[in-house]
Structure formats: C-alpha cells, structure tokens
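The values are calculated or read from the model by the stated rules, or taken from the named source; none is laboratory data. Everything quoted here is computed from the prediction, not taken from an experiment. Note that we place each Cβ from the backbone using ideal geometry, even for glycine, and neighbour counts take in every protein chain shown. These accessible areas exclude ligands, DNA and RNA; they are computed on the full protein's heavy atoms, side chains included. Shrake-Rupley method; radii C 1.70, N 1.55, O 1.52, S 1.80 Å.
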Amino acid sequence: MQGTPPTPRTNIRPATGKLGILTPGLGAVATTFIAGVESIRRGKSKPIGSLTQMATIRLGKRTDRRSPLIKEFVPLAALEDLVFGAWDPIPDDALTAARKAGVLEERDLEPLADFLRGIVPMKAVFDSRYVTRLTNTTNVKQGKTKRDLAEQLRQDIRDFKERNGVDRVVAVWCASTETFIKPGPAHATLAQFERAMEQNDDAIAPSILYAWACLMEGVPYCNGAPNLAVDTAALIELANDRGVPISGKDFKTGQTWMKTVIAPGLKARMLGLAGWYSTNILGNRDGEVLDDPASFKTKEESKLSVLHTILQPEIYPDLYKDFSHVVRINYYPPRGDNKEGWDNIDIVGWMGYPMQIKVNFLCRDSILAAPIVLDLALFSDFAMRAGMKGIQEWLSFYYKSPMAAAGLQPEHDLFIQQTKLKNTLRHLMGEEQITHLGLEYYAS
Ligand SMILES: NC(=O)c1ccc[n+]([C@@H]2O[C@H](COP(=O)([O-])OP(=O)(O)OC[C@H]3O[C@@H](n4cnc5c(N)ncnc54)[C@H](O)[C@@H]3O)[C@@H](O)[C@H]2O)c1
C-alpha cells in the first residue's frame, strides 16, 4: 500500500503560485514568525513546533505502516512560495520591530536583515480607544466612516496581490488585544453590521474591520487574539456567503496550552479539582497592553472558559463542582518576551485526600506562537482550496477559545482537537477515519 496516492474526496485545487500571508500587527509574534520562515528557507533553522512541517499522519491500518509527513499527504503551499505583508500603526519595518520585540537574538536577525527591512507595514486601521498604552502610532489610515477605512483595507489587499504577483492570500491577526466588547445588535446580522460601520458605531472595533475586509476579498481569516472579530453572527454569515474559511480565537500557547494537556489527564483518571491558580509575569508589549484592565478582561474571558468546558462540572459535580480558578497576568518589564508562569493545582484523590501539582513554565511566548501562525495560514489556504467555508472547528487545536457552531460547546481537550484535525485531513483526502479500536489485530 505504501506510496499509493489517495483519492481526494473533494476537488482540491492545487497550491500553485505564491501564497500571500498578511498579518494585522507586525510585533513580536509576526516578526518572529516571518524571520523564522526565512531562516528555515535558508536552511538555518528547523520548523520546530509546526505540525504542517514536522508531523506525520498515520493512514490505514497499523500494519500498513503508512505514516507520511502531513505536508507530503496534503497539498499545502511550500515555504518557498510564501510572501509576507502586514499592517501596523507603528511604522517600524520588520527588522526594527523584531529588534524592539527582543525575542530573537542579533546573531539570528543580522543575516536576515535585508529581507526583514523589506517588510514595511501598511497604514493600519487603529483607534487608541480600543488599544490603550501604545505609543508612536503614526502609521494610521484616515477616513470619515469605519466603512471607508475598511474599504481602504480591501484596496490594500488588492494592491498587495498585484505588487507581489500573488493570487491567494490568507490573514492571521497578530495585533494587540483590544478592549472587551460584548456581541450586540451591531454584530447580529450582516445588514446591521454594515449599517453600524457606516454610522461609526463604537461596537465596531478595528479588528472587525480587518476581518470584514478580508472576507469581502475572499481571504481566509485566522484570529490570534481574543477580540470578537470573526466570532460574530454577522461575519460568520459573510464567511459562509463568500465561501471563506475562518477560525479563532486567541493562539493557544503557554499556560492555557498546558491546561488543556493536564486537565484532560485529571479527568481521564476521575481525579477531582479543588482549585487552579495561575499567575504569569511577562514584560513584552503584549504584557503592557494587557496591563490595561479592559484589554485583560478580553484575555481573561478567553483563558477562564477552558477548564469548565474540559472538566464538565455539571456532569461530574462530585469532582469538579465549584472549583476555584484564578488567572493573573502581571506586566514586569525585565522579563521581556520570556514569560514565567506558575500554576498551583489543588487536586483531590481517593477518599478525598488532597494533593498538589506545581508547574513552573519558563516559556517564550512568540517562539511558541510563531509555528501556530504558520500552520494556521497553510491549513486555512488548504481549506479554502478544498472548498471549506465558515468556521473551521478542526483548527481548534491552535486556539484558547475555539469557535464552534451556534449551540455547540467548543472542544478544548488538546488530544481530541488533534484527533479532529488529523481526521479532517484524512476525510478531505479520501482516507479512512482512525478510531483506535484495533480489535481487528486480535481476531483469531
Ligand atoms: N505570543 C503568544 O503566545 C500569544 C498567545 C495568544 C495570543 N497572542 C496575541 O497575539 C497578539 C500579538 O502578540 P505580540 O506579542 O506580537 O504583541 P505585540 O504588542 O508585540 O505586537 C502587536 C502589534 O500590533 C499592532 N497593532 C495594534 N493595533 C493594531 C491595529 N488595529 N492594526 C494593526 N496593528 C495593530 C501594535 O502596534 C503592535 O506592533 C496579541 O493580541 C496577543 O495577545 C499572543
């Protein structure tokens, strides 16, 4: 069986030509992502942390021994074919922005200097009421209405395509977390949303304008922050109407990723939870923005939902009713992008005896986020070519607050998310689903 090409279930368009990746935001995450891709293309780094580049996928029976690399199984854009562009209210090019972000060391940036200098951000749609605490925000579009601003973003996308000879584009939001906005009438239907844009309604934050502009241009949109953006009824409607894949929200990197690894383990063994206290110190610009309580509220909502959904206290009240869950982020400049997180987990075992787990995670936020940006961009482009549209639940694997169809609980368990991702790839490529039943190996 090995080497037999699978029969695709759907007519998947090939990944010919270049793929443009546009990021609203050219800060720590975006520059680490772009520099990393270029370094990999030059053979100087390995794509560590990226499923599209490094993971394999098992096909058929275990005895078939077919486990190709995902990138050899699924027609994904090649790294050589990627072209980058960005919007940012701070006018720094990617080299200056990367140096200021302080994630990558000079010895890694210097060889890429010319390449990074060439990536200059387009003027952003920016309003300091939604992101306080940023300075030097001079690279900003002007317009009478929010609709005008969004139309300028559409024009940017068309110009970017023409300038770079690119026929496919995907967008990944790598800009700051905005202040908390609850879904309201302005987000309820597409017609109401478009009216609200024209009336400069405060419920329409810049992130939503980027999302609208991308969908109007047929550009798949991935939302790396907890902002509403595409997670509104109006934009889900637009994505479905236009046949464009969307996904979000909020990259699942450090502490929340750990939660979605440990919590399924506790639940699998039916161990109880009395409380989970998480605290972080970080000193990057993201930390500074999150120091504003209104931006932190958006992040907190995204971080808190994870444990309840995994542990299901309503089904397991003896184990998980009323556990206490506290999340703190403390801005502490000396640490830069090198976050340190502490988790104290109070668990409960046999006969109610308490135990504790302590996790001390010294992570680098943008180093964890960069491969997620790459995978989301490549998988979203693939989804578009495979005719998928609207919410891509199979990309939940990458998000803290995964989007799901109305009435569905989002899936947070990392291992279920991984199975869903791989089974979606198998499904799209006409391969059998893997159930892990395995009884056939024991039939006499
Ligand atoms: N690094 C991680 O592990 C991680 C995990 C989850 C989510 N995120 C989110 O990813 C985003 C980026 O993180 P970062 O560390 O790169 O932050 P950063 O502050 O270094 O970069 C964000 C950039 O976005 C720009 N920006 C702000 N508003 C904008 C707008 N309206 N249009 C275009 N650009 C705008 C800022 O000027 C800044 O350059 C944040 O929202 C963060 O919460 C990061």
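Restricting to segment 190-207, what's the tally of residues that are within 16 Å of the ligand (Cβ to nearest atom) and of a type outside the set (Gly, Ala, Ser)?
5
If you take the residues of segment 75-96 that are small (Gly, Ala, Ser) and more than 13 Å from the ligand (Cβ to nearest atom), which of them is surrounded by the fewest Cβ atoms within 10 Å (Cβ to Cβ)?
Filtering first and then ranking leaves Ala78.
Would it be correct to say that Ile204 is among the β-branched types (Val, Ile, Thr), in a helix (DSSP H, G or I) and buried (at least 18 other Cβ atoms within 10 Å of the Cβ)?
When the stated conditions are applied, Ile204 does not pass them.
Could you check Asp322 against (1) modelled with pLDDT of 90 or more; (2) surrounded by 18 or more Cβ atoms within 10 Å (Cβ to Cβ) and say which number it fails?
Checking Asp322 against (1) modelled with pLDDT of 90 or more; (2) surrounded by 18 or more Cβ atoms within 10 Å (Cβ to Cβ), the one that fails is (2).
Going through segment 260-271 one residue at a time, which ones are open to solvent by less than 10 Å² (accessible area, probe 1.4 Å) and within 16 Å of the ligand (Cβ to nearest atom)?
Thr260, the sole residue that qualifies.
Among the residues of segment 97-149 satisfying the criterion of being within 11 Å of the ligand (Cβ to nearest atom) and part of a helix (DSSP H, G or I), which is farthest from Val289 (Cα to Cα)?
Filtering segment 97-149 for residues that are within 11 Å of the ligand (Cβ to nearest atom) and part of a helix (DSSP H, G or I), the one farthest from Val289 (Cα to Cα) comes out as Leu149.
So if I check each of Leu104, Leu95, Leu109, which one is more than 21 Å from Phe382 (Cα to Cα), in contact with a Leu (Cβ under 6 Å, 6 or more places away or on another chain) and among the hydrophobic types (A, V, I, L, M, F, W, C)?
Being more than 21 Å from Phe382 (Cα to Cα), in contact with a Leu (Cβ under 6 Å, 6 or more places away or on another chain) and among the hydrophobic types (A, V, I, L, M, F, W, C) holds for just one of Leu104, Leu95, Leu109, which is Leu95.
Which residues, counting only those in segment 23-74, are assigned to a loop (DSSP other than H, G, I, E, B) and either under 21 Å from the mean Cα position of the chain (by Cα) or within 16 Å of the ligand (Cβ to nearest atom) (or both)?
If the condition is that a residue be assigned to a loop (DSSP other than H, G, I, E, B) and either under 21 Å from the mean Cα position of the chain (by Cα) or within 16 Å of the ligand (Cβ to nearest atom) (or both), then Gly25, Leu26, Gly27, Lys46, Pro47, Ile48, Gly49, Ser50, Ala55, Val74 are the ones that fit.
Of all residues in segment 334-389, which are in contact with an Asp or Glu (Cβ under 9 Å, 6 or more places away or on another chain), closer than 30 Å to Glu105 by Cα and not acidic (Asp, Glu)?
Across segment 334-389, the qualifying residues are Asn338, Lys339, Val359, Asn360, Phe361, Leu362, Cys363, Arg364, Ser366, Ile367.
Can Gly287 be described as under 21 Å from Pro24 (Cα atoms), part of a helix (DSSP H, G or I) and of a type in the set (Gly, Ala, Ser)?
Yes; evaluated as a whole, the condition is true for this residue.
Ala383 - would you say it is open to solvent by less than 10 Å² (accessible area, probe 1.4 Å), over 30 Å from Arg66 (Cβ atoms), hydrophobic (A, V, I, L, M, F, W, C) and modelled with pLDDT of 90 or more?
No.
Would you be able to say whether some residue in segment 368-377 is within 16 Å of the ligand (Cβ to nearest atom), at negative phi and open to solvent by 30 Å² or more (accessible area, probe 1.4 Å)?
yes
Mind checking which pairs have a first residue in segment 83-108 that is farther than 30 Å from Thr16 by Cα and touching a residue at least 24 places away in the same chain (Cβ under 8 Å) and a second that is away from the ligand (no atom under 11 Å from the Cβ) and open to solvent by less than 20 Å² (accessible area, probe 1.4 Å), Cβ under 8 Å, 6 or more apart or different chains?
Ala98/Ala35; Ala98/Leu109; Ala98/Leu116; Leu104/Ala35; Asp108/Ala35; Asp108/Ser39
Would you check if there is a residue in segment 180-189 being within 14 Å of the ligand (Cβ to nearest atom) and open to solvent by 60 Å² or more (accessible area, probe 1.4 Å)?
Within segment 180-189, one or more residues are within 14 Å of the ligand (Cβ to nearest atom) and open to solvent by 60 Å² or more (accessible area, probe 1.4 Å).
Can Glu237 be described as within 24 Å of the chain's Cα centre (by Cα), farther than 20 Å from Phe126 by Cβ and open to solvent by 30 Å² or more (accessible area, probe 1.4 Å)?
Yes; evaluated as a whole, the condition is true for this residue.
Can you run down the residue pairs with Cβ atoms below 6 Å, 6 or more apart or on separate chains, where the first is in segment 277-290 and over 14 Å from Leu304 (Cβ atoms) and the partner is open to solvent by 30 Å² or more (accessible area, probe 1.4 Å) and assigned to a loop (DSSP other than H, G, I, E, B)?
Ile281/Tyr332; Gly283/Tyr332; Glu288/Arg133; Val289/Arg133; Val289/Ser176
Within segment 156-179, count every residue that is surrounded by fewer than 17 Cβ atoms within 10 Å (Cβ to Cβ) and either basic (Lys, Arg) or within 16 Å of the ligand (Cβ to nearest atom) (or both).
Qualifying residue count for the region: 2.
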